[in-house]
Protein chains: 2
Amino acid sequence: MEFDLELSIDVLRRTPAVLREMLLGAADPWARGTEGPETFSPFDVVGHLIDGEETDWVPRARLILARGEARFEPYDRFRHKGRNAGRSLGSLLDEFARLREANLETLRGWRLTAAELDLPGHHPALGRVTLRQLLAAWVVHDLGHIAQAARVMAKQYKDAVGPWVPFMPVLTDHEVPRS
Amino acid sequence: MEFDLELSIDVLRRTPAVLREMLLGAADPWARGTEGPETFSPFDVVGHLIDGEETDWVPRARLILARGEARFEPYDRFRHKGRNAGRSLGSLLDEFARLREANLETLRGWRLTAAELDLPGHHPALGRVTLRQLLAAWVVHDLGHIAQAARVMAKQYKDAVGPWVPFMPVLTDHEVPRS
């Protein structure tokens, strides 16, 4: 599938509601469980997505569109840990929805042309990337973290399913953490 | 985490709305893409979950509660392929929500005791399982297929992200299909 701006926005606009349905009011065993040390709980996933709204995707797109050198800042994967200590999951879900809505309004407002989507930026680890690739990565990043939240919840029941483990691949995905 | 009936129902009741937010009105490249031959699209995932409501989880629980021999029928993973040819995704999402709501009403109505949750059934491949394990597997099965729908959507953009692939583990999960 080729990159398509409208189809990308259609996924990006859904993510806050998907996470709200999965997580709003969920008890701590679901919301705060992890896959092991240094891995994200569903609560952490929402915090990490907020960090992306504030520091990553649209700020990087802005840098590319400014047509300067466009060297991205690294994405701090643990910024949310300190930032959200003491916050409720409900307030994070609300905040994520507000930030995402504003960022999509910004994105739509740019009315990007194919030539603009080809503009380059410089990723600290990956080197040259285009605006089109950045926006595709934003979509994939969302979907990867939705999958992660569901997987992490599922793993809380790994013992409870007893002999069903081999029939439930989600329970043995990422036994060595990959994200 | 130990099995908990209320916490299980809380996940099960969310799944139709999660999938609705992810998929209702989604264009075919998102809804009908797969990870390769014999793998499920998000459309197929909803059909497979409907099959589970009609033929698997509650029917198996009923068999266990009848305290007979409780030998489960195998879960036909491809029943939905023929059943739903020509159906719209919206109508499948509605049907899944209706079936799930009715099945949760049945489950709540049983007011299961700890002793009932320990009752055994006989799985065609896994052997002896308890009602408690069956209900835990229902929860994990939902979450695994939510993760799968998100992963399959993400993979449609595997080429579009360009150099980002190694930073997006969801794009390289299940390179050999596992479910």
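Using a probe of 1.4 Å, the accessible surface attributed to A:PHE43 totals some 10 Å² when neighbouring protein chains are kept in position. Evaluate the Debye formula for the range A:121-173 with equal point scatterers sitting on the alpha carbons, no solvent, and hand back log10 of I(q)/I(0) at q = 0.17, 0.19, 0.21, 0.24 Å⁻¹, in q order, two decimals. At q = 0.17, 0.19, 0.21, 0.24 Å⁻¹ the computed log10 ratios are -0.64, -0.70, -0.76, -0.86. On the basis of the beta-carbon distance and an R0 of 35 Å, B:PHE78 and B:GLU116 show a calculated FRET efficiency of 0.60.
Each label was represented as a point 7 Å from its Cα along the Cα-to-Cβ direction; for B:ARG32 and B:ASP10 these points are 3.9 nm apart. Using every Cα-Cα pair within the range A:79-147, state what percent have a distance larger than 20 Å. Roughly 48 percent, once rounded to a whole number. Rg over Rh for the range B:1-115 works out to 1.01, using Cα positions for both radii and the Kirkwood form for Rh.
Association of chains B and A removes close to 5000 square angstrom of accessible area from solvent, both sides included, for a probe radius of 1.4 Å. In this structure A:LYS155 has an accessible area near 40 Å², from a 1.4 Å probe over the protein heavy atoms. Enter the angle in degrees (range 0 to 90, nearest 10) between the Cα long axis of helix A:131-155 and the first principal axis of the Cα atoms of chain A, meaning the one along which they spread out most. The angle comes out at about 10 degrees. Remark: the range A:107-179 carries 38 Å² of accessible area per residue (probe radius 1.4 Å; ligands, DNA and RNA excluded).
Relative intensity of the protein assembly as shown on a log10 scale, I(q)/I(0) at q = 0.08, 0.10 Å⁻¹, equals -0.40, -0.62, per a Debye sum over C-alpha point scatterers of equal strength in the absence of solvent. Counting only other chain Cβ atoms within 10 Å of each residue's Cβ, the peptide B:28-37 averages 1. Within the range B:37-134, what whole-number % of the accessible surface is contributed by carbon and sulfur, with the 1.4 Å probe and all protein chains included in the calculation? Percent of accessible area from carbon and sulfur atoms in the range B:37-134: 50. Just need log10 I(q)/I(0) for the range A:55-179 at q = 0.20 Å⁻¹, Debye formula, equal scatterers on the alpha-carbon atoms, no solvent, rounded to two decimals. Debye output, listed in q order: -1.20.
If you average the alpha carbon positions of the range A:1-24 and of the range B:127-142, how far apart do those two centres end up, in angstrom? Taking the Cα centre of the range B:127-142 as reference, the centre of the range A:1-24 is 31 Å away. Sites count as exposed loop sites when they are GluC sites (Glu not before Pro), lie in a DSSP loop, and have at most 11 other Cβ atoms within 10 angstrom; the longest stretch of chain B without one is B:70-174.
Taking 15 Å as the cut-off, the amide N atoms of the range A:99-128 that come nearer than this to a point 7 Å along the Cα-to-beta-carbon line of A:GLU69 belong to A:121-125, A:127-128.
The values are calculated or read from the model by the stated rules, or taken from the named source; none is laboratory data. On a predicted model such as this, the values are computed, not experimentally measured, just so you know. So basically every Cβ, Gly included, is an ideal-geometry build from the backbone, and we count neighbours across all protein chains shown. Please note that ligands, DNA and RNA were not included when accessible areas were found on the heavy atoms of the full protein model with its side chains. Shrake-Rupley method; radii C 1.70, N 1.55, O 1.52, S 1.80 Å.
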